[in-house]
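**Q** Questions regarding the structure given below will be posed in turn.
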Amino acid sequence: MVALVLLLAAAPPATLEYRVSAPAPGEVAVEGRLREAGPRLVIEDGLGPFVSDLAVHTPAGWTPLSLSADQVDAPSCARDCRLRYRVRVAEAARALRDFRRALDHGGLLVAAPSSWLLRPLRATRGDWRLEVEAGTRFVTGLFPRPGGYGASLGELPESPYSAFGEAEVAELPTGAGRVQLAIAPGARALGRAAIVAWAERAVRATTAVYGRFPVPHVLVVVLPGGRRPVGFGTTLGNGGASILVWLGAAATEDDLRRDWVLTHEMLHVGLPNLPRDGRWLEEGLATYLEPLARARLGLLTPGEVWAGFVRGMPRGLRPSAAAAQGDVWGPIYWGGALFWLTADVALRTQDPARSLEAGLRDVRAAGGSIAVSWPVERFLRVLDGGRGSAVSRLYRTMSRPPFTTDLDLLWKRLGIVPGPPVSFDESAALARVRRDLTSAGRASAGG
């Protein structure tokens, strides 16, 4: 195995330094230097049985170690140690059957670095840095750093997806950065150009909301072969930004023009990671913004946007038939969307020059994105322009879905006549606000 290479002199030593390669199909090889790591190291839950050839360097040479319950005692790493090992990622993917930990899609190994990097059990201070051996086919959502990639230690346990192996890669410029599109092997009816155009539409929709694309780099891994035209999507940040999305084997260009999933996931990258009990704010925001952003590109009509809101928002109410049937998805996604619609209307009513978009652009300017974690209070304060006004007050009164909200009154004030089909009353008190929400002109507002 290649010896650990010191990082560039311009880059100060990180607390943890790793060098990775993929020497054999289905495997990842790691060499690391761990400074002040502590005597116990850990890997992602369930990955321990798939670690082999683990050894730590001591004055007597390389000494074998073994993991127990995804942990290993390594007293020599308390201050400064070197170690090496391999992770059988493809075997782990087959055994665990959990894409969040490891995925083998046609030979492309997809996993967050926490699935193949041993790290300190409790250390959160300092940085970690990753170098990839030359010739290794590797894509990652991690942001580049001098000498490779990296982030703070506190972000390592939930860092962005990365992938080893064969993939069809395209680079999409975003103005301030790039989207790296990696198409995994798999059955698909569509060519590269149609998939690139799909990603470009999601980039334009996201840029319309945030003013410019909110991160300098995001990895989008497309996994072909599913049954639905566009299947599940998921996003990971913490030191970068990454998206996984499943593409149907028989998906058509028309399916991708109608798709909402990739835009939903891409909108997540402009929002800081919030504590787990703030998931409804994260998912609700993407659910609310996605149809508005697509309408501004001419991909949806205002009638289609509001018909979707009229159908979906009741799922965020208390009590509701959906909640009574154990619908958790409704309160999180649609309850969150109802909160953000209410907040956006309140902001625009309080100050015609203010909007949720303007607040999100302030968040972007303050360094907020999926690459970092913020407490809810900081996020809302920045959204409010530092004034602690409309959104913060609303959060205090609507602390968690499902909500009790008079939707009929809200629709009436906005000039929405539910139908079907949905129609509009232009004499309503907030008809201008409703028009602005789906207007292409709003895309250029703000900074």
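The values are calculated or read from the model by the stated rules, or taken from the named source; none is laboratory data. Everything numeric in this text was worked out from a predicted model, so none of it was measured. Methodologically, a virtual Cβ is constructed for each residue, glycine included, from the backbone with ideal geometry; neighbour enumeration extends over all protein chains shown. All accessible areas refer to the heavy atoms of the entire protein, side chains included, with ligands and DNA or RNA removed. Shrake-Rupley method; radii C 1.70, N 1.55, O 1.52, S 1.80 Å.
**Q** I'd like to check something: does the stretch 132-146 contain any residue that is open to solvent by 20 Å² or more (accessible area, probe 1.4 Å), in a helix (DSSP H, G or I) and acidic (Asp, Glu)?
**A** no
**Q** Identify, from the list Arg413, Arg381, Arg396, the residue that is open to solvent by 50 Å² or more (accessible area, probe 1.4 Å), assigned to a helix (DSSP H, G or I), modelled with pLDDT of 95 or more and not polar (S, T, N, Q).
**A** Unique residue meeting the criteria: Arg413.
**Q** Has the stretch 95-109 got at least one residue that is exposed (fewer than 14 other Cβ atoms within 10 Å of the Cβ), touching a residue at least 24 places away in the same chain (Cβ under 8 Å) and assigned to a strand (DSSP E or B)?
**A** There is no residue in the stretch 95-109 that is exposed (fewer than 14 other Cβ atoms within 10 Å of the Cβ), touching a residue at least 24 places away in the same chain (Cβ under 8 Å) and assigned to a strand (DSSP E or B).
**Q** Check whether at least one residue in the stretch 329-344 is open to solvent by 40 Å² or more (accessible area, probe 1.4 Å) and either on the phi > 0 side of the Ramachandran plot or in a loop (DSSP other than H, G, I, E, B) (or both), and report yes or no.
**A** no
**Q** With respect to Leu190, is the statement that it is more than 15 Å from the chain's Cα centre (by Cα) and assigned to a loop (DSSP other than H, G, I, E, B) true?
**A** In short, yes.
**Q** When the residues of the stretch 167-197 are narrowed to those that are at pLDDT below 95 and among the small types (Gly, Ala, Ser), which ends up surrounded by the fewest Cβ atoms within 10 Å (Cβ to Cβ)?
**A** Gly175
**Q** Further question: Residue under question is Pro421, and the condition is that it be at pLDDT below 95, buried (at least 22 other Cβ atoms within 10 Å of the Cβ), in a loop (DSSP other than H, G, I, E, B) and not polar (S, T, N, Q); does it hold?
**A** no
**Q** Out of Leu6, Leu83, Leu54, Leu65, which single residue is farther than 30 Å from Thr235 by Cβ and modelled with pLDDT under 90?
**A** Leu6
**Q** Can you say whether Glu200 is out of contact with any Leu (no Cβ under 9 Å at 6 or more places or on another chain) and either modelled with pLDDT under 95 or more than 29 Å from Tyr18 (Cβ to Cβ) (or both), as far as the supplied structure shows?
**A** No; evaluated as a whole, the condition is false for this residue.
**Q** Now a separate question. Kindly evaluate Thr263 against the criterion of being over 24 Å from Phe138 (Cα atoms) and of a type in the set (S, T, N, Q).
**A** Yes.
**Q** A follow-up question, please. State all residues of the stretch 254-305 that are farther than 18 Å from Trp340 by Cβ, in a helix (DSSP H, G or I) and at pLDDT below 95; if no residue qualifies, say none.
**A** Hit for the stretch 254-305 is Arg276, nothing else.
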